[in-house]
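Worksheet: the structure to be examined is printed underneath.
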Amino acid sequence: MKIQSVKGFHDVLPGESTRWTTLEQRARAVFAQYNFQEIRLPIVERAELFQRSIGETTDIVEKEMYGFTDRDGTALTLRPEGTASVVRAYVEHAMHVQEPVSKLFYFGPMFRRERPQKGRLRQFSQIGAEVIGRVDAAADAEVILLLHDLLADLGIRDAAIHLNSLGDRACRPQYRDALIDWGAAHADQLCDDCRRRGTRNPFRLLDCKQPGCLAIRHTAPKISDFLCDDCRVHFARVLELLAAEGVATQRDEYMVRGLDYYVRTAFEVVASGLGAQNALGGGGRYDGLVRALGGPDVAGIGFALGIERLAIVLEAEGAAPVPRPEFVVAPLGAAAEREALALAHRLRRGGARVDVEAHARSLKSQMRHADKLGARYVIIIGDDELAGRTITVRDMAAKLDRQRVAHLDTTLSELRAALAEPLDSRLERHA
Ligand code: HAM
């Protein structure tokens, strides 16, 4: 009986994986422009890390973590996100001692036991970035500018950045109380989930996608009416700096984010064409988190993009280019096999993308396969070639059936130089 992958856990097959590689390479280039450095984090963490950061009453911690008990009794979990791990590493390695500001990026799989659907998986991958050590609004603007550039360079066109301020420890409690009152007053119109979480995590009331809850959301109190002066000034400065750089954002008073560590600036990247799972990415400020995890009192801000969702949006815009070999070596017969391997090895070490056909197949079928691979040149090594220690090179792009002969022990640069010459000038024409 065949064994299948686990529900919500997907393979990224060749073709699709080239799109991922391109995404990662482009992201690396943008991170370098902003002088961020990569951090590679473990996939397994102590469960407590996420209970203390994401929050006990969030969906993630309440019901989506893949937790297990280690043999020594420690409660561990597959990480559901990267921010808590970055902060844990920051504190563990006392990064603030070396650098007042840490600018870090990461790639990698995250795990949440959500109900799988298009764009929602149980193992998914994020591209994330965190700035730890800056409390000023210019840092928010720079991070959102980075996100904006990243989306542009990844080729994402119709995505909007939604922005909100969630207030801080001074003003959010009053807003929280107002939401609890509102929830209680509208309990009969809210869904069961919202009625249940109305007092435990009232911000989730604004996030609910149930039609009944959505219909009355506009009557809920707005955070903008509760922000303290510091939060108001901070947010206004973020908006001003972004506007000055021409970054379009949309204010979304009801955007709350699903993780508890956020304060002040929060944002989400919303893409059309993704259906219900329309968030390509999200992020925000998390001043207080470093301290809550045992570190110094420094601020933080960052974001993460979902790679599968980026891939869905890009797929809609066209197929990912499949890499093609520059050379396919076609050996005819067992004697040519060793020479084919040696030549391919030399060309590969020179830097070319090279494939080798199986010697037992006919020239016709080897040529057909090389064509399917999209080879630029096919190098034929048959009995005649072996006798004269030559190779025959066929240009697959040439309309006429053109071939050249070169030495069997050619180097890559010699071969490329020869192929760049007009036919007949340096190489003899094959009879
Ligand atoms: P998040 O909004 O939970 O934020 O996740 C960020 C992105 O990860 C989402 O917008 C989405 O693209 C992707 N994602 C989340 N869950 C799934 C899923 N089940 N299947 C597929 N993709 C998914 C965070 O994780 C924060 N750590 C972001 C952050 C960094 N905030 C500050 N710094």
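The values are calculated or read from the model by the stated rules, or taken from the named source; none is laboratory data. Everything numeric here is computed off the predicted structure, so don't read it as measured data. All Cβ positions, even for glycine, are placed from backbone atoms using ideal geometry, and neighbour counts span all protein chains on display.
Checking each residue in segment 193-229 for being touching a strand residue (DSSP E or B) at 6+ places or on another chain (Cβ under 9 Å) and assigned to a helix (DSSP H, G or I) picks out I223, S224.
On inspection, Q51 does not qualify as closer than 24 Å to L310 by Cβ, modelled with pLDDT of 95 or more and either more than 9 Å from the ligand (Cβ to nearest atom) or not aliphatic (A, V, I, L, M) (or both).
Let's see how each residue does on (1) charged (D, E, K, R); (2) more than 21 Å from R324 (Cβ to Cβ); (3) surrounded by 14 or more Cβ atoms within 10 Å (Cβ to Cβ):
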{"position": "A352", "(1), (2), (3)": "no, no, yes"}
{"position": "H359", "(1), (2), (3)": "no, yes, yes"}
{"position": "S362", "(1), (2), (3)": "no, yes, no"}
{"position": "S365", "(1), (2), (3)": "no, no, no"}
{"position": "H369", "(1), (2), (3)": "no, no, yes"}
{"position": "K372", "(1), (2), (3)": "yes, no, no"}
{"position": "T392", "(1), (2), (3)": "no, no, yes"}
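Among the residues of this structure, S17 counts as one that is surrounded by fewer than 20 Cβ atoms within 10 Å (Cβ to Cβ) and not in a loop (DSSP other than H, G, I, E, B). Listed by position, the strands (runs of 3 or more DSSP E) inside segment 41-156 whose residues that are over 20 Å from the mean Cα position of the chain (by Cα) number at least 2 are 44-46, 66-69, 75-78.
Only one of the numbered conditions (1) over 29 Å from the mean Cα position of the chain (by Cα); (2) surrounded by fewer than 15 Cβ atoms within 10 Å (Cβ to Cβ); (3) within 28 Å of A141 (Cα to Cα); (4) of a type in the set (D, E) is violated by D168, and that is (2).
Taking the stated definitions as given, is V290 within 16 Å of the ligand (Cβ to nearest atom), hydrophobic (A, V, I, L, M, F, W, C) and not assigned by TED's automatic domain parsing to the domain that holds V354? Answer is yes for this residue. Across segment 253-260, not a single residue is classified as within 19 Å of D136 (Cα to Cα) and either surrounded by fewer than 22 Cβ atoms within 10 Å (Cβ to Cβ) or more than 10 Å from the ligand (Cβ to nearest atom) (or both).
Note on segment 266-287: among residues that are crowded, with 23+ Cβ neighbours inside 10 Å and more than 19 Å from L151 (Cα to Cα), the one that is farthest from the ligand (Cβ to nearest atom) is R285. Give me the residue from segment 68-124 that is of a type in the set (S, T, N, Q) and near the ligand (Cβ under 10 Å from one of its atoms) and, out of that set, surrounded by the fewest Cβ atoms within 10 Å (Cβ to Cβ). The extreme case among them is Q117. Among residues that are crowded, with 19+ Cβ neighbours inside 10 Å, under 15 Å from H162 (Cβ atoms) and either near the ligand (Cβ under 9 Å from one of its atoms) or without any contact (Cβ under 8 Å) to a residue 12 or more places away in the chain (or both), L310 is not included.
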